[in-house]
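What follows is a single structure, written as structure tokens, with notes after it.
The values are calculated or read from the model by the stated rules, or taken from the named source; none is laboratory data. The shown structure was predicted, so the numbers you read here are calculated from the model rather than taken from an experiment. Neighbour counts run over all protein chains shown; Cβ positions are idealised from the backbone, glycine included.
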Amino acid sequence: MKEVEALYNTYFHDVYLYVKSLSHSDDIAQEMTQETFFKAMKSLNTFKGDCDVRVWLCQIAKNTYYNYCSRSRQTPVDTIPETTADTTVSIVESLEDSQQAMQIHRILHTMDDPYKEVFTLRVFGELSFRQISEIFGKTESWARVTYHRAKLKIIDALEED
């Protein structure tokens, strides 16, 4: 039981922030994070350790949130990046204008997976490219390229408008 408590104390905040980035709701994030740790506790003996624990928990959290959305017939909320290291267009500056923020929402809403999910995991989930690659079962290089392409798609769409 101490193992579960240590897991909870170590990763609760990370999982909570990830779910909040998906849901944009403190209440839903709190509820889904609690449910994530409950599910993790039940299946801890099946965790093989072939990926980072944070990645495993975020995968459970993502599935838990999507199941919640399905049960309540809600569409998962798309995310808007708050920060980016891009030098050509600063998405942060774009967010200062609420009209442009809405444009970014629309762009992310129409963006295909895996671009949307990789971008979300990187920006809001604050996961490393290695962790993202483990979630998708791909290479780190794939995760970097996918993230970069997603960022370019957002920038291109903004420039078109």
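List of remarks:
- Qualifying residue in segment 121-130 (condition: modelled with pLDDT of 75 or more, over 19 Å from H24 (Cα atoms), touching a Ser or Thr at 6+ places or on another chain (Cβ under 9 Å) and crowded, with 16+ Cβ neighbours inside 10 Å): yes
- Subset tally (residues that are modelled with pLDDT of 85 or more and among the polar types (S, T, N, Q)) for segment 26-59: 5
- Selection of first residues in segment 1-23 that are surrounded by 20 or more Cβ atoms within 10 Å (Cβ to Cβ) and of second residues that are β-branched (V, I, T) and in a helix (DSSP H, G or I), restricted to Cβ pairs under 6 Å at least 6 apart or on distinct chains, gives the following pairs, ordered by first then second residue: V15/T33; V15/T36; V19/T33.
- Selection count, segment 141-157, where residues are under 20 Å from H109 (Cβ atoms), of a type in the set (G, A, S) and modelled with pLDDT of 85 or more: 1
- Within segment 106-134, being more than 11 Å from the chain's Cα centre (by Cα) and either closer than 24 Å to L57 by Cβ or small (G, A, S) (or both) holds for L108, D113, P114, Y115, S128, F129, R130, Q131, S133, E134.
- Total residues in segment 35-63, condition of a type outside the set (F, W, Y), assigned to a helix (DSSP H, G or I) and touching a helix residue (DSSP H, G or I) at 6+ places or on another chain (Cβ under 8 Å): 15
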